[in-house]
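Heads up, the thing below is written out as structure tokens.
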Amino acid sequence: MRLDDEAESQHVEDRRGAGGFGLRTGGVGIGTVIVALAAAYFLGIDPMLLLQGAGSLQAPPQQAQQQAGPAATDEMSVFVRKVLGNTERTWDTVFRSQLGQQYQPPTLVMFSGATQTACGTGQAAMGPFYCPADRRVYIDLSFYDELRQRFGAAGDFAQAYVIAHEVGHHVQHLLGVSDQVDAARRRISETQANQLSVRLELQADCFAGVWAAVAQQANQQLLEPGDIEEGLRAAAAIGDDRLQRQSQGHVVPEAFTHGSSEQRVRWLRRGFESGNVERCDTFGTRQL
Ligand SMILES: [Zn+2]
């Protein structure tokens, strides 16, 4: 990606190093975190459930060590700010031109280890997530090391896709999709709820694709050769089937909550090839 000309978002909160615990400060072994990461976020436990039951990993009351985080000019932080800034401009365009609505951007919180959210305590082990109650995207940047090392998905566009996917959840919140899904979830079986979750996740992937397409229309220099392939590779790497096979040796489709590798790739691609949110109707289609 070429982000040189991109303005940084003003909606980033840097909570790194602000108390908490985690990969860097010890307390939880890296193995535990990796297992939790694979088992929890990707394999389909609802992050909200995890948040509520996060007792054992709970950070001690935070008051001491409120050190300043790393300088906000570090490379990763600048990258995140620029990508988020681009999603703001791009979704502003999409909302006006495709939906006749006004886009309201989310805030992105960078944290390390654990942090408080309106949805409960956020843990690095959960992977990046979106909390609709405070309209914030949460990310511990060490997730990018995981993505590269454990999931073999390297590259800046793969990293941008992670942000774009979470912003996709924010868009779903603005459009009222997530509220409808939450309401429906309470009335149905777990298997059915998982199927709804898959549709929600695949739509967020599709929205990430729409973002990339419309961002590219506005700035032809933004994407470089190979970028989209990088994103597709990342989407494939975190498909439920591949993760299940890695962690438990077999695949249980009923337990999917994010979609198979093939489905994630398909919907990201569909968003990218159309640049149109209407093409992301994962709820109105039989065949995902
Ligand atoms: Zn998601």
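The values are calculated or read from the model by the stated rules, or taken from the named source; none is laboratory data. Since the model is a prediction, treat every value here as computed from it, not as a measurement. Note that we place each Cβ from the backbone using ideal geometry, even for glycine, and neighbour counts take in every protein chain shown. In case anyone asks, the SASA skips ligands and DNA or RNA and just uses the protein heavy atoms, side chains included. Shrake-Rupley method; radii C 1.70, N 1.55, O 1.52, S 1.80 Å.
Data for the structure
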read-out	value
Sulfur and carbon atoms: percent of accessible area, segment 107-193 [1.4 Å]	44 percent
Largest-first principal axis extents, alpha carbons of segment 190-230, Å	45, 19, 6
Other-chain or far-sequence residues with amide H under 5 Å of residue 259's (modelled H)	240
Stokes-Einstein D (µm²/s) once Rh is taken as the Kirkwood radius of segment 64-194 over alpha-carbon pairs, at 4 °C in 1.567 mPa s	79 µm²/s
Segment residue 220-residue 254, length gained on full extension (0.36 nm per residue, minus Cα span)	8.1 nm
Protection-proxy order for peptides 179-187, 130-138, 207-215, each taking the mean of Cβ atoms within 10 Å per residue, highest first	207-215, 130-138, 179-187
Equivalent ellipsoid semi-axes - Cα gyration tensor, segment 219-270, angstrom	27, 11, 6
Two-site FRET efficiency, residue 188 against residue 133, from Cβ-Cβ distance with R₀ of 22 Å, rounded to 0.05	0.50
Under 5 Å, built H, 5+ apart or other chain: amide partners of residue 17	112
Calculated FRET value between residue 7 and residue 102, using beta carbons and R₀ = 22 Å, to 0.05	0.70
Gyration tensor (alpha-carbon) shape descriptor, segment 166-288, a/c threshold 1.5	oblate
Calculated FRET value between residue 145 and residue 92, using beta carbons and R₀ = 41 Å, to 0.05	0.85
